[in-house]
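Each remark here refers to the structure printed beneath this line.
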Amino acid sequence: MTEHPDPRDFGEVVPFTPRSTLLDLPKASFDTEAALIGGVLMQPHILPLVQHLVAPEHFAQETHATIWRTMLALAEAGETPNLLRVKGAIGPKLLQFDLGGMNVLQYLARIAKEACTVGSAEEYARVVQQFWQLRELAIATADVREASSFVPSVALQAIYARIDEIRASFVTRKATSYTFAEAGDALLDRITAELQGTAPALATTGIEVFDREIGGGPQPSTMLTVAGRTSMGKSIFGIEAAGAIADQGRASIYHSLEMSHEQVAARLASSELERRGINLPYGQIMRRGGLSPKQAEMVAGVLHEQRGIPFRIEAAGKRTIGEIAASSDRLANHYARKGIPLGCIVIDHAHIVKASRAFRREDEGLKEVADGALALAKHLDCPVFLLAQCNRGTEGREDKRPQLSDIRGAGAFEENSDAVIFLYRPAYYIERSQAFRDADPAAQDEHERVKHLLEIIIDKNRAGGANQVVRAWIDPALNAIRNWQRS
């Protein structure tokens, strides 16, 4: 087998390219396209690993696009897209092509000898994909460079919209096909590995009863909607889950559309200090002049110890789900190159994700977010926690526990989620009651009884029983959620 160079090595990277030569940037690597196709021809089981990354239109060489389309059609029909099958399926029109003195059958035989390996297939597929993106971006800006007059704001809007489309296209593409026999074999392999103790353990949130109820921990390729009213603990839950998973050596990506990166760090530090018996609210950590020298030293010590955990904070508002997906994909690749598996993605929160365009109804924009979050979970094969805001419907009810109808755009979240989880803190409402403000002894006693109670209400649950309520211990000021029975 011919040895191939690293597919990322495509010449010198220059810091600045003169405007006149922009259209001369490399638009494709035909050798990479050929090596990817050859890999599938010789090892057809590669196709399910890469078909979500590369579509026929991503190939710059039209012959390559046609061959790839043929292989996909064979796989869709239940056939094995190997060299023999593809040769038999090539149409007469393609057979007439002259490929540098070779016909298509000869060309297929040649590229089969120069195939990429299973281990490098995904990297080759990503390079094909990335060159397609470069070509599409060049096309998107070509009119601007060539136009004698235009409206800059309109041109920018069109370009940014196209960029979002390019980004988003790679989180909606993953779709693999299995026969029942293949699915059954995969299930038995997992069960056998679990019985033998060789199966990779699921990452866990640290809340033992909750993890058990959702199947042992957040499952790969699933979307979990975590919803609640303001101050119920959505961000606390998201940060605690992401932090716990990062502590297990799996990368967590936290998309914070409201809080700054310093606020997230302060919350993590406060929670870790609580584990060590030190109560230092994250609000105090954030407040200018809020810490004594000794307290500052404790915070610095915790931050230093935790600096190596694979926890990435993407703090930026007004982002589309396409932008969130694109940055998640980039960071997942970054961690993969370091040998760190992706543990989870948290989006905080769904109702402030920016729509990619103007929708006629709010629920259409929210469906875009829910669809994109689920596609991202499937694409990166990891759990995605989508935090969501409940409306004020709970405020007018005697029982203020939230339910599905309280989520804005509830239909999209219910349809796409593998689990819908509501958070409820009874202490929040007691603190705001007139009786508590009047120092009524009964209200104060009730508050003392439930001040650390968090109800995690599992409304929908594909991995277990629905309508379950998990009790957890919470201290909102310390950003801490723990098992209810604390030692």
- line: Residue set I421, I456, I481, I430; condition surrounded by 12 or more Cβ atoms within 10 Å (Cβ to Cβ), out of contact with any Gly (no Cβ under 6 Å at 6 or more places or on another chain), among the β-branched types (V, I, T) and in a helix (DSSP H, G or I); output residue I430
task: Report whether or not D363 is open to solvent by 60 Å² or more (accessible area, probe 1.4 Å), at positive phi and acidic (D, E).
output: no
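In the list V369, V346, which residue meets the criterion of being open to solvent by less than 20 Å² (accessible area, probe 1.4 Å) and part of a strand (DSSP E or B)? Walk me through how you get there before you give the answer.
Working: V369 fails: part of a strand (DSSP E or B).
Within the list V369, V346, the selection yields V346.
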field: Boolean, A355 is of a type in the set (A, V, I, L, M, F, W, C), within 23 Å of V470 (Cα to Cα) and at pLDDT below 85
entry: no
field: Subset of the range 146-174 (residues that are open to solvent by 70 Å² or more (accessible area, probe 1.4 Å), modelled with pLDDT under 75 and farther than 27 Å from A55 by Cβ)
entry: E146, S148, S149, F150
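For the range 271-280, state whether one or more residues are part of a helix (DSSP H, G or I) and of a type in the set (A, V, I, L, M, F, W, C).
The answer is yes, given that some residue of the range 271-280 is part of a helix (DSSP H, G or I) and of a type in the set (A, V, I, L, M, F, W, C).
When only residues in the range 378-399 that are within 10 Å of R229 (Cα to Cα) and either more than 26 Å from the chain's Cα centre (by Cα) or not aliphatic (A, V, I, L, M) (or both) count, which is surrounded by the fewest Cβ atoms within 10 Å (Cβ to Cβ)? Show your work before the answer.
The first filter runs over the range 378-399 and keeps only residues within 10 Å of R229 (Cα to Cα), leaving 388-395.
Checking which are either more than 26 Å from the chain's Cα centre (by Cα) or not aliphatic (A, V, I, L, M) (or both) leaves us with 389-395.
On the way: Q389: 17, C390: 25, N391: 15, R392: 9, G393: 15, T394: 19, E395: 11.
Out of the qualifying residues, it is R392.
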- request: State which residue is surrounded by the fewest Cβ atoms within 10 Å (Cβ to Cβ) when the search covers only the range 201-215 and only residues that are outside any helix (DSSP H, G or I) and free of Cβ contacts under 8 Å to residues at least 24 places away in the same chain.
  value: A201
message: I need every pair where a residue in the range 430-443 that is more than 17 Å from G396 (Cα to Cα) has its Cβ under 8 Å from the Cβ of a residue that is part of a loop (DSSP other than H, G, I, E, B) and of a type outside the set (A, V, I, L, M, F, W, C), sequence separation at least 6 or different chains.
response: A443/S433
query: Going by the conditions given, is I321 touching an Asp or Glu at 6+ places or on another chain (Cβ under 7 Å), modelled with pLDDT of 85 or more and open to solvent by 50 Å² or more (accessible area, probe 1.4 Å)?
result: no
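Looking only at the range 376-394, how many residues end up being hydrophobic (A, V, I, L, M, F, W, C) and closer than 13 Å to F413 by Cα?
The first filter runs over the range 376-394 and keeps only residues hydrophobic (A, V, I, L, M, F, W, C), leaving 376-377, 380, 382, 384-388, 390.
If we keep only those that are closer than 13 Å to F413 by Cα as well, we get 384-388, 390.
Here the count works out to 6.
Restricting to the range 274-318, count the residues that are in contact with a strand residue (DSSP E or B) (Cβ under 6 Å, 6 or more places away or on another chain), open to solvent by less than 60 Å² (accessible area, probe 1.4 Å) and modelled with pLDDT under 90.
The first filter runs over the range 274-318 and keeps only residues in contact with a strand residue (DSSP E or B) (Cβ under 6 Å, 6 or more places away or on another chain), leaving 274, 310-315, 318.
When the remaining residues are screened for being open to solvent by less than 60 Å² (accessible area, probe 1.4 Å), the result is 274, 310-311, 313-315.
Then keep just the ones that are modelled with pLDDT under 90; that gives 315.
Number of matching residues: 1.
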query: Can you tell me which residues in the range 224-244 are within 20 Å of L366 (Cβ to Cβ) and not in a helix (DSSP H, G or I)?
result: L224, T225, V226, A227, G228, R229, T230, M232
- prompt: Among all residue pairs at least 6 apart or on different chains, which show Cβ distances below 9 Å where the first residue, located in the range 63-79, is more than 16 Å from Y107 (Cα to Cα) and open to solvent by 10 Å² or more (accessible area, probe 1.4 Å) and the second is part of a helix (DSSP H, G or I) and not aliphatic (A, V, I, L, M)?
  reply: R69/P56; L72/P56; L74/P44; L74/R85; A75/P44; A75/P48; E79/R85
query: Are there any pairs with C-beta distances below 6 angstrom linking a residue in the range 369-392 that is in contact (Cβ under 8 Å) with a residue 40 or more places away in the chain to a residue that is assigned to a loop (DSSP other than H, G, I, E, B) and among the β-branched types (V, I, T), with the two at least 6 apart or on different chains, and if so which?
result: V369/V353; A375/V171; A375/T172; L376/V171; A377/T222; H379/V171; P383/T222
message: So the check is Cβ under 7 Å with 6+ separation or different chains; which pairs have a first residue in the range 298-311 that's in a helix (DSSP H, G or I) and a second one that's β-branched (V, I, T)?
response: M298/I278; V299/I285
field: Answer from M1, M42, M71 - the residue that is of a type in the set (A, V, I, L, M, F, W, C), over 31 Å from the mean Cα position of the chain (by Cα) and at pLDDT 75 or above
entry: M42
- prompt: If we scan the range 262-273, do we find a residue that is open to solvent by 20 Å² or more (accessible area, probe 1.4 Å), of a type in the set (A, V, I, L, M, F, W, C) and at negative phi?
  reply: yes
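The values are calculated or read from the model by the stated rules, or taken from the named source; none is laboratory data. On a predicted model such as this, the values are computed, not experimentally measured, just so you know. So basically every Cβ, Gly included, is an ideal-geometry build from the backbone, and we count neighbours across all protein chains shown. Ligands, DNA and RNA are excluded from the accessible area calculation, which covers all protein heavy atoms including side chains. Shrake-Rupley method; radii C 1.70, N 1.55, O 1.52, S 1.80 Å.
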